[in-house]
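**Q** Okay, here's the structure, questions in a sec.
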Amino acid sequence: MIDIVKLLKENREITDFKVNSVVSESYETFYVRGKLETVRATSTEDATVTVYVDGDGVKGDSSFSVYASMTEEEVAKKIASASKRARLVKNKPYDIPTGDKLDVVIASNFKDYEVSELAKSIANAVERADSYENGSINALEIFIYKEKISVVNSRGVDKSQVRYRAMIEAIPTWTEDGESVELYEAYHFTDFNADEITAEIDERMREVRDRKIAALHEPCTANVVLHAREISNLIGEITDSLNFVTVYSHANVFSKGDAVQKDRTGDPISVTMCHEIEGSRFSAVFDGDGVTLKDKNVIENGVATAYYGSHRFGSYLGEEVTGDLRCVSLAKGTLSEEEVSKEPYFECVSLSGLQLDLYNDYIGGEIRLAYYFDGEKKIPVTGISMSGKLSEVLNSIRLSEKTVAKDNYKGPAIALLKNLSII
C-alpha cells in the first residue's frame, strides 16, 4: 500500500490525522456432510484515514477508506476532500492522543501450528461430536485469521498488535420420524483446545436433539437460570450506561454513586471493564485511537463507582481515559450447584435474545429451548417467554461460585433469577 502518512503530512489544510489499518490473512475451509468441499486463502490490507481540522473554538473531523488498488493521486484527492468536509463539522475541541511506538503480539497458540494443520485439527475436533445416530453436522465452515492492527497519528502514536482468532460455523441437525430440526452455531476462540471444541459442538448436538422433543409449558412464576452469553448481555447493558459516550449525551440510567442494586437480597454485583480475557477475540492492548487500555472497576458491591471509555469523550468529561474497553469481568458469587436444585427452575439454553430496558425496568425474552427442572428431572420445553422487573431481578440475583470465560465475558457460569413470569 502507498505511504499514506507521507501524503497526509504534505497536506497543509489539516491540523492532525489518524490512520487505522488492518492487514489480514485468512484460511477458510468448507465442509458439507463431513466432506471437504472448498479451501480458500486470502490476504487483504485496508485502511481508514481520519483528518482533523481545528477552527475557532471547534474541531472537525472526517474519515475515508483507502484500498490497496488506489493510487497516490486518488488518496491525495481523498485527503483534500476530507479536509473540506471536516471544516463543516463543529465538535467541541479536544486534543487527540499522544504516544510512542509499540509492537505486540496477543497471546495465542495458533502460531504454533501450520495453518492447514490447524484447520484440519479443528475439523477433527468437530467431527468427534458428530456421534449421534439421528444427528449430523450438515455444514461446517472454519475461518482462521491472523490480523495486524495498527494505528498511526500526527502526535507520535505508532502502535501495532497482532492477534489470532478463529470461528466455527456449524449446522447441527437432528432427523427423526421424517422430520428435521436445525440449529446454527457460531463459536469463536483464540486458542486451540480440541476437547473444548468437541464439548461445545456436542452440547449443540444435544440441544438440537432436545429441540425435536421439547414440549410447551403452562404459564407460571418460576426461577430462571441464565448462562454466560445472557449474563454478559445483562451486565453489558448496565455497563453501557457508564460509558463516557452515554454519560456525555445524558442517556445514562446510572451515574457514579448510584445503587445498581437498591435493596439487595442476593449476591453483590462487582464488574471490571478490562482489556483482555484469555481466549477472547475482543482482547486488545490499545484501542482505535491508539490509547493503551487500562482496566477499570466500574461497579463495586452493587454500586456504580466509575465511568470508562474513549479518549475524546473522557476528555470532554474530565475523566481519566481508559480507552475503549470491550471485555467484562464479573465477580463470582456464592451459588453452589446443590443450592440451584432446591427449587424448580427453567434453565435457558437458547433464547432469541435477552430483552432489556433499563428505562422501563424490564427484562424478558423468547425462550427457544429450556430445561424445566421439576425437583427431580429435567424436561425440555420450548415456545415460552419470560418477563419481569429488572430492578427486582438485580436485587435478588444469585451468581455461581463456578466461573467461565466465554467470548468477551469472564465470570459466573450461571445466574439464578428469582420469580419471573413464564408465559
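**Q** Determine, yes or no, whether residue 162 is aliphatic (A, V, I, L, M) and either modelled with pLDDT under 95 or over 24 Å from the mean Cα position of the chain (by Cα) (or both).
**A** So residue 162 does not fit the description; no.
**Q** Looking at the range 276-300 only, could you name the residues that are over 17 Å from residue 240 (Cβ atoms), free of Cβ contacts under 8 Å to residues at least 60 places away in the same chain and in contact with an Asp or Glu (Cβ under 7 Å, 6 or more places away or on another chain)?
**A** 293
**Q** So residue 148 clears everything in (1) free of Cβ contacts under 8 Å to residues at least 24 places away in the same chain; (2) under 24 Å from residue 44 (Cα atoms) except one condition, right? Which one?
**A** (1)
**Q** When the range 329-387 is examined, which residues are found to be among the polar types (S, T, N, Q), farther than 18 Å from residue 232 by Cβ and touching a residue at least 60 places away in the same chain (Cβ under 8 Å)?
**A** 334, 336, 382, listed by residue number.
**Q** I've got another one for you. Which one is surrounded by the fewest Cβ atoms within 10 Å (Cβ to Cβ) among residues in the range 383-407 that are at pLDDT below 95 and not in a strand (DSSP E or B)?
**A** 383
**Q** Here's another thing I want to ask about it. Within the range 97-148, can you find the residues that are under 20 Å from residue 161 (Cβ atoms) and of a type in the set (Asp, Glu)?
**A** Passing the criteria: 100, 103, 112, 147.
**Q** Got at least one residue in the range 156-175 being in contact with a Gly (Cβ under 9 Å, 6 or more places away or on another chain), under 17 Å from residue 278 (Cα atoms) and not in a strand (DSSP E or B)?
**A** No.
**Q** For the range 283-341, what are the residues that are modelled with pLDDT under 95 and either hydroxyl-bearing (Ser, Thr, Tyr) or not assigned by TED's automatic domain parsing to the domain that holds residue 232 (or both)?
**A** Passing the criteria: only 341.
**Q** Do you know which of the residues in the range 346-397 that are among the acidic types (Asp, Glu) and at negative phi is nearest to the chain's Cα centre (by Cα)?
**A** 357
**Q** Tell me, which residue of the range 105-121 that is assigned to a loop (DSSP other than H, G, I, E, B) and among the aliphatic types (A, V, I, L, M) is surrounded by the most Cβ atoms within 10 Å (Cβ to Cβ)?
**A** 106
**Q** Kindly indicate whether residue 102 is within 17 Å of residue 284 (Cβ to Cβ) and either outside the structural domain of residue 39 (by TED's automatic domain parsing) or assigned to a strand (DSSP E or B) (or both).
**A** The answer is yes for residue 102.
**Q** Given the options 417, 351, name the one that is under 19 Å from residue 299 (Cβ atoms) and in contact with a Leu (Cβ under 9 Å, 6 or more places away or on another chain).
**A** 417
**Q** Just to be sure before I move on: is residue 124 in contact (Cβ under 8 Å) with a residue 60 or more places away in the chain, under 22 Å from the mean Cα position of the chain (by Cα) and surrounded by fewer than 16 Cβ atoms within 10 Å (Cβ to Cβ) in the structure I sent?
**A** no
**Q** Please verify whether residue 93 is more than 23 Å from residue 25 (Cα to Cα), surrounded by fewer than 18 Cβ atoms within 10 Å (Cβ to Cβ), at pLDDT 95 or above and not acidic (Asp, Glu), treating the condition exactly as stated. Give the steps one after another, and end with the answer.
**A** Values: more than 23 Å from residue 25 (Cα to Cα): yes; surrounded by fewer than 18 Cβ atoms within 10 Å (Cβ to Cβ): yes; at pLDDT 95 or above: yes; not acidic (Asp, Glu): yes.
Yes: the conditions hold for residue 93.
**Q** Quick one: count up the residues across the range 37-75 that are in a strand (DSSP E or B) and of a type outside the set (Lys, Arg).
**A** Total meeting the criteria: 25.
The values are calculated or read from the model by the stated rules, or taken from the named source; none is laboratory data. Here the structure is a predicted model, which is why all the values come from computation and not from measurement. When we count neighbours, we look across all protein chains shown, and the Cβ atoms used for this are built from the backbone with ideal geometry, even at glycine.
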